[in-house]
Amino acid sequence: MNKYNLKLLAVPAVIATIYLALSLCCTIISIIDTGEYDVCLFDPFRIGTDGIFAYISMSELLPSVWDLYVLLPEAEIDLFSSFLDEKILLVIFTAVAVVLIIAGMFSKPAKNCCVDGVDREFLFTTRPHSVLKAILLPLDIIPAMWGFKYVPVIIPILFLPFILPFAVVAMVIVLIVFLIEKAAVGIKIKSAASKEEEDYKRDTGYAVCPKCKQKFDRPMVKCRCGLVFDYPIPGPYGIKEQYCVKGHVLPCTNENGARSKLTMVCPKCGQEFKTHEARPIVVCMVGAEGSGKSTLMVSAAEDICNKAKAKALYSETTSGISPDIQRIKDVLPPTVDGEIDSECLFVWSRDFRDREIIFNDISGHEFEPIEDRMIFQEYYRYVTGFVFTIDPLAVMALYNSNSTIKSNKTTVSGTLDSFYQVFTLVRQIGPSVRSDIPMAVVLTKMDNPRVQAAVKAEGSPEAFLNKYGEADFVKIMASEFSNVRYFAIGSLGNNSNAIEPVRWIISSADAELSRML
């Protein structure tokens, strides 16, 4: 049983124990005075008028019922009267009965808040049939003794005639205190759950699996014992923390980043991943083969990590944009065809809430006009912004080509058309709909002197594209996206500005993070 449940159990059990102890003293005094068995209940309202141990007896409270019931304990005393004086026997049997009741309220059955088939421990007040279990709490000595290989259960059965009157009194006390606890805990759960949901919507909103790219409200979590749970939130299993059936702690809130350290499991594909419980900012790389998507992505991640370090922020990256990859960004191999894992970059500090930037980079081959295309760009449904990369060298080469046939496969407009077909299909919108998702159009390879000179000669990336035969691309892009900005980016060397288009996209979703970068 966890610490919070122990407290919930202790309150009614301790109150009942104190009252039973006082009532036992009253009963023993009565037995010594009268020589007869009569359960006497401590009466706090008569203290000072009838002495320290003021009481009311069962014979006074329920005379007709008590006259019948008292025959049971008296008959049992008669069986042992040949061994000891009846007064002594009454005192011993009564004292043992009360001790057994108290022991039962603190026994293992009383502490059991786990239910077969449920992977977490319930709160003491929210476990199934909690009211009935609370009422029977004083009689838990019977199942407790049953657990000791059955024979010891004879002990509480032997003392049952003496146990029952005190047990009924204890039941009433436990029930009253338990109902108050149940109401208080219910209010606390509702308040904590409401605050947690508000905090989660503000700070996180949703989660994304970098493996299957599915978006969902909350992931599953994996305990260190291997059990997989629904996302822990304040509820019937706990308010601030929950416990698995093996006793491992699962935080119910992300106070001090506790919950974000849990191992997350995708509810769609079942694979493990990290979230840091940060709001995802999803950047999708679009462009033809060799246009510099991967290099720009890695360089942007490097710039973000460097700026975060300069602002005393922590950063963490997945393997595809890790420092090892950043060091070889100028010789990156081509991106493999098909669906690959998203790359994630986390930024945080003690005073700065965790942020997650998710990069989706696929092979430029996927943007070629291919029949029977396999559609897997699920992330288009929740993308924050696009980075459309263009290789100026390829644009100039195609423009200066003497070939009379310039296939749609090799033009920037062809890449845009192929991308937009998938985009509208995944989002289930008509091709005439103008999207407001930020679209950063990036002329890459500005670290090449020839490219730099050609773009600067025209004054702007748009003018460069118009000059070199891609005027239709500029017009189509403007007609399909309402929020378009053009960039000229160099991803290599010390003067890399690869962060610029990514920062612009971030600014549309998180102004605070944009300022930090």
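The values are calculated or read from the model by the stated rules, or taken from the named source; none is laboratory data. Since we're looking at a predicted model, the values are computed, not measured. Positions of Cβ are backbone-derived with ideal geometry, glycine not excepted, and every protein chain shown enters the neighbour counts.
Tell me yes or no: at least one residue of segment 242-263 is touching a Cys at 6+ places or on another chain (Cβ under 9 Å) and closer than 30 Å to V387 by Cβ. No, the conditions are met nowhere in segment 242-263. Is segment 148-165 home to any residue that is in contact with a Cys (Cβ under 7 Å, 6 or more places away or on another chain) and either closer than 19 Å to S107 by Cβ or part of a helix (DSSP H, G or I) (or both)? No. Selection over segment 218-236 of residues that are more than 27 Å from R350 (Cβ to Cβ) and assigned to a loop (DSSP other than H, G, I, E, B) gives a count of 5. Of K211, K215, K222, K195, all but one fail to be under 30 Å from A509 (Cβ atoms), of a type in the set (D, E, K, R) and within 12 Å of the chain's Cα centre (by Cα); the exception is K222. When Q242 is tested against (1) out of contact with any Lys or Arg (no Cβ under 6 Å at 6 or more places or on another chain); (2) part of a strand (DSSP E or B), exactly one condition is not met: (1).
From the list D447, D436, the lone residue that is surrounded by 14 or more Cβ atoms within 10 Å (Cβ to Cβ) and out of contact with any helix residue (DSSP H, G or I) (no Cβ under 6 Å at 6 or more places or on another chain) is D447.
Limited to segment 310-355, what total is found for residues that are in contact with a Leu (Cβ under 6 Å, 6 or more places away or on another chain) and buried (at least 17 other Cβ atoms within 10 Å of the Cβ)? Total meeting the criteria: 3.
If only residues of segment 298-351 that are part of a loop (DSSP other than H, G, I, E, B), more than 17 Å from R515 (Cα to Cα) and in contact (Cβ under 8 Å) with a residue 40 or more places away in the chain are counted, the one that is farthest from the chain's Cα centre (by Cα) is P334. Applying the criterion of being acidic (D, E) and without any contact (Cβ under 8 Å) to a residue 24 or more places away in the chain to the residues of segment 197-243, the residue that is surrounded by the fewest Cβ atoms within 10 Å (Cβ to Cβ) is E198.
For S291, the stated conditions do not hold, so it cannot be described as surrounded by 15 or more Cβ atoms within 10 Å (Cβ to Cβ), without any contact (Cβ under 8 Å) to a residue 40 or more places away in the chain and closer than 30 Å to G493 by Cβ.
Table: residues versus (1) over 21 Å from V331 (Cα atoms); (2) in contact with a Lys or Arg (Cβ under 9 Å, 6 or more places away or on another chain).
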{"site": "A258", "(1), (2)": "yes, no"}
{"site": "V265", "(1), (2)": "yes, yes"}
{"site": "Q271", "(1), (2)": "yes, yes"}
{"site": "R279", "(1), (2)": "yes, yes"}
{"site": "V286", "(1), (2)": "no, yes"}
{"site": "E289", "(1), (2)": "no, no"}
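When segment 439-472 is filtered for residues that are closer than 17 Å to F419 by Cα and modelled with pLDDT of 95 or more, the ones remaining, listed by number, are M439, A440, V441, V442.
Take I239 and tell me if it is more than 28 Å from V347 (Cβ to Cβ) and of a type in the set (A, V, I, L, M). It is true that I239 is more than 28 Å from V347 (Cβ to Cβ) and of a type in the set (A, V, I, L, M).
So is F464 closer than 16 Å to N400 by Cβ and either of a type in the set (S, T, N, Q) or surrounded by 20 or more Cβ atoms within 10 Å (Cβ to Cβ) (or both) or not? Spelling it out, F464 is indeed closer than 16 Å to N400 by Cβ and either of a type in the set (S, T, N, Q) or surrounded by 20 or more Cβ atoms within 10 Å (Cβ to Cβ) (or both).
When the residues of segment 253-266 are filtered to those that are touching a residue at least 60 places away in the same chain (Cβ under 8 Å) and out of contact with any helix residue (DSSP H, G or I) (no Cβ under 7 Å at 6 or more places or on another chain), the one that is surrounded by the most Cβ atoms within 10 Å (Cβ to Cβ) is S260. Identification of helices (runs of 4 or more DSSP H) wholly contained in segment 1-111 with 3 or more residues that are under 30 Å from K188 (Cα atoms) yields 3-34, 86-105, 108-111. Name the residue that is surrounded by the most Cβ atoms within 10 Å (Cβ to Cβ), counting only residues in segment 129-153 that are β-branched (V, I, T) and either within 37 Å of the chain's Cα centre (by Cα) or at pLDDT below 80 (or both). Filtering first and then ranking leaves I135. Within segment 18-37, the set of residues being in contact with an Asp or Glu (Cβ under 9 Å, 6 or more places away or on another chain) and either at pLDDT 95 or above or crowded, with 18+ Cβ neighbours inside 10 Å (or both) comprises C26, T27, S30, I31, Y37. Can you tell which of F122, F93, F162 is within 45 Å of the chain's Cα centre (by Cα) and either crowded, with 17+ Cβ neighbours inside 10 Å or modelled with pLDDT under 95 (or both)? Criteria check complete, one pass: F122.
Here A170 does not qualify as closer than 30 Å to V249 by Cβ, at pLDDT 90 or above and either not assigned by TED's automatic domain parsing to the domain that holds D43 or not hydroxyl-bearing (S, T, Y) (or both).
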